[in-house]
Amino acid sequence: MALHGGPARHPLSGLNWRTMTVADLDAVTAIAAIGFPDHFEGRDCFANRLGLNPSGCFVLAGEGTAPVGYLVAYPWTEHAAPALDTLISAIPDDAAVMYLHDLALALPVRGAGWSRPVVERLAQEARAAGWPALTLVAVNDAAPFWERHGFVVIDPPGMADKLASYGADACYMIRRLTV
């Protein structure tokens, strides 16, 4: 209830997705540790991905506040997934898709619709850059979540071996983009 006749202000209404900076990496790492406790990736990993593809790295934050969510994506080889918590020296020469490495939200903002705008932004930017698809590895039984974002599970030959380190529930997913 608002006092003094003014409208009630939602405590999360000042949040927006913006480009990630190096200053955001500690918050991103903390969010990742909570969101993916069984798939740890350290600050160096996030710094590496930010350095490789800054245009694919976003944080959800308010004006002057620490991030409460992030998305990391970069060009990658189709039907492949990088090993967890490893540094990548360069975008592969045979990159053929935009790989959505990670999307995580802090508990207070989960379920409030914050993932859709950034996933759609990534899809639009990837399409505009000529990438034919977004791919990802779903973990923590998240395939239904990603299906709501237009992804479908595929099982290319040899993918099961590549996903072994991601856990028994991991699946490779793709969202075709109209270029």
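The values are calculated or read from the model by the stated rules, or taken from the named source; none is laboratory data. Keep in mind that what you see is a predicted model, and the values were worked out from it rather than measured. Every residue, glycine as well, gets a Cβ built from its backbone with ideal geometry; the counts of neighbours run over all protein chains shown. To get the accessible areas, we keep the full protein, side chains included, count just its heavy atoms, and leave off ligands, DNA and RNA. Shrake-Rupley method; radii C 1.70, N 1.55, O 1.52, S 1.80 Å.
Here is how the numbers come out for the structure above:
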| item | result |
| --- | --- |
| Accessible-area composition of the chain, carbon plus sulfur, in percent [1.4 Å probe] | 57 |
| The chain - mean residue ellipticity at 222 nm from DSSP helices (-39,500 (n - 2.57) per run, n ≥ 4, rounded to 500) | -7000 deg cm²/dmol |
| Rounded FRET efficiency, nearest 0.05, which uses the C-beta distance separating GLU120 from ASN140 and R0 of 22 Å | 0.50 |
| Surface per residue (accessible, 1.4 Å probe) for the chain, Å² | 51 |
| Loop-located trypsin sites (Lys or Arg not before Pro) in region 130-179, at most 15 other Cβ atoms within 10 Å (DSSP) | ARG148 |
| Ranked by how many other beta carbons lie within 10 Å on average, peptides 151-157, 133-139 from highest | 133-139, 151-157 |
| Convex hull of the chain built on C-alpha atoms - directionally averaged projected area, nm² | 11.5 |
| Dipole of region 9-152, positive direction: furthest Cα of LEU15, LEU100, PHE58, with charges on the beta-carbon | LEU15 |
| Cα-based helix-to-principal-axis angle, 43-52 vs the chain, degrees rounded to 10 | 80 |
| Share antiparallel - DSSP beta bridges, the chain, percent rounded to 5 | 95 |
| Lys/Arg +1, Asp/Glu -1 at C-beta; the chain dipole; positive extreme among GLY158, ALA81, TRP146 | TRP146 |
| Sequence ranges 61-72, 121-132, ranked by mean other-Cβ count within 10 angstrom, highest first | 61-72, 121-132 |
| Extended-chain gain in nm, criterion 0.36 nm per residue less alpha-carbon gap, ARG43 and ALA66 | 6.7 nm |
